[in-house]
Structure formats: C-alpha cells, structure tokens
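Here the structure is laid out as structure tokens; the discussion comes afterwards.
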Amino acid sequence: MSTLTIVLLVILIILIVGLVVLYFMGNKAQKNQAQSQEMLEAAKQPATILVIDKKRLKITESGLPKQVIDQVPWYSKRMKLPIVKAKIGPRVMTMIADGNVFEQLPLKKECNVIISGLYITDVKSVRGGSLLPVKKATGWRAWLAEKAAGAANRAQANNKKK
C-alpha cells in the first residue's frame, strides 16, 4: 500500500472514533438535561417580581452565592449568563433567567413569573404593559441586510445634518 492510502485510512479511523465518542457524549448530555428539566418542573412556583436590572455577565461577576458558583463546572465559568436583579417581596435577589425569558422581561416593571430556585423559567404577565416581543433568530444574510440598512440610514442622517 502506498503512503497516501495509509494516511487516508488513519484519518478515516480517527474520524470514525471521534464520531462514536461524540454520539455517546451527546446521549449522556441529553439524559442529564432531561433529568435537570424534571427537577426544574418539580420545583417551579409562581412569584411576583420587580425587575431592577438585567445583564449578561460571567458567573463569577454575577453576584450569585458562592455555593452556586462552586457547583458550576470550570469550563462554564467564562460563559456569560443572563442575570436578573429582582425584588421579590422585601428582598433583592440575583437570579439566572432562561434566554427567551431574559429577552421578554421589561426593566423597572412588575412581572408575574415562574421561578425554580434561582432560575426564572417563564414569564406569565407584566403589570401595566405587555411582554416585550421575542426577536426571531435570523440567518446571517438577514443580519447583513439589516446591518447594511442601518448603515444607509446613518449615512442619510449625516447628509441631512450637513
């Protein structure tokens, strides 16, 4: 066999082993996610909160309790999480929000939400207003078109000023 054939066979074997490992890791992660989702469903309860502030922060900068930070794996500590500071009754608490919920929560308004521990899972209603619309995820072509339209609008505004 030629060296090219041997090299291609080795690369093919490495790719197959990699795909098998990814398959089993994906199954394990899916089981863990299903188990954690069941725990969230079991512990959920309604609450009325006043949203004071919301930001995307690293978990080490978020102001969450040390016990929560210690439970997070080391590779997730650099990831930015949707953090919400909210007043629940007389207490001001720092909570983690679901991605879609984070986009819907309005600032400085009272909201009825479903919480599970320190995690905001759902928004039911907002007092004195409506929920903010969730932006639909678009492809990169739509993003480029939107960016180009914004640049054109800024250019027209600059021309009008002159």
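Numbers for the structure displayed
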{"read-out": "Flag if VAL84 is free of Cβ contacts under 8 Å to residues at least 24 places away in the same chain and either surrounded by 14 or more Cβ atoms within 10 Å (Cβ to Cβ) or among the small types (Gly, Ala, Ser) (or both)", "value": "no"}
{"read-out": "Matching residues in segment 58-105 - criterion: being under 16 Å from the mean Cα position of the chain (by Cα), among the aliphatic types (A, V, I, L, M) and assigned to a loop (DSSP other than H, G, I, E, B)", "value": "VAL72, MET79, LEU105"}
{"read-out": "Segment 117-137, residues that are surrounded by 11 or more Cβ atoms within 10 Å (Cβ to Cβ), out of contact with any Asp or Glu (no Cβ under 8 Å at 6 or more places or on another chain) and either modelled with pLDDT of 80 or more or not aliphatic (A, V, I, L, M) (or both)", "value": "GLY117, LEU118, VAL123, LYS124, SER125, GLY129"}
{"read-out": "Considering residues of segment 57-96 that are among the small types (Gly, Ala, Ser) and more than 16 Å from CYS111 (Cβ to Cβ) only, the residue modelled with the lowest pLDDT", "value": "SER76"}
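The values are calculated or read from the model by the stated rules, or taken from the named source; none is laboratory data. Values in this document were obtained by computation on a predicted structure and should not be read as measured data. So basically every Cβ, Gly included, is an ideal-geometry build from the backbone, and we count neighbours across all protein chains shown.
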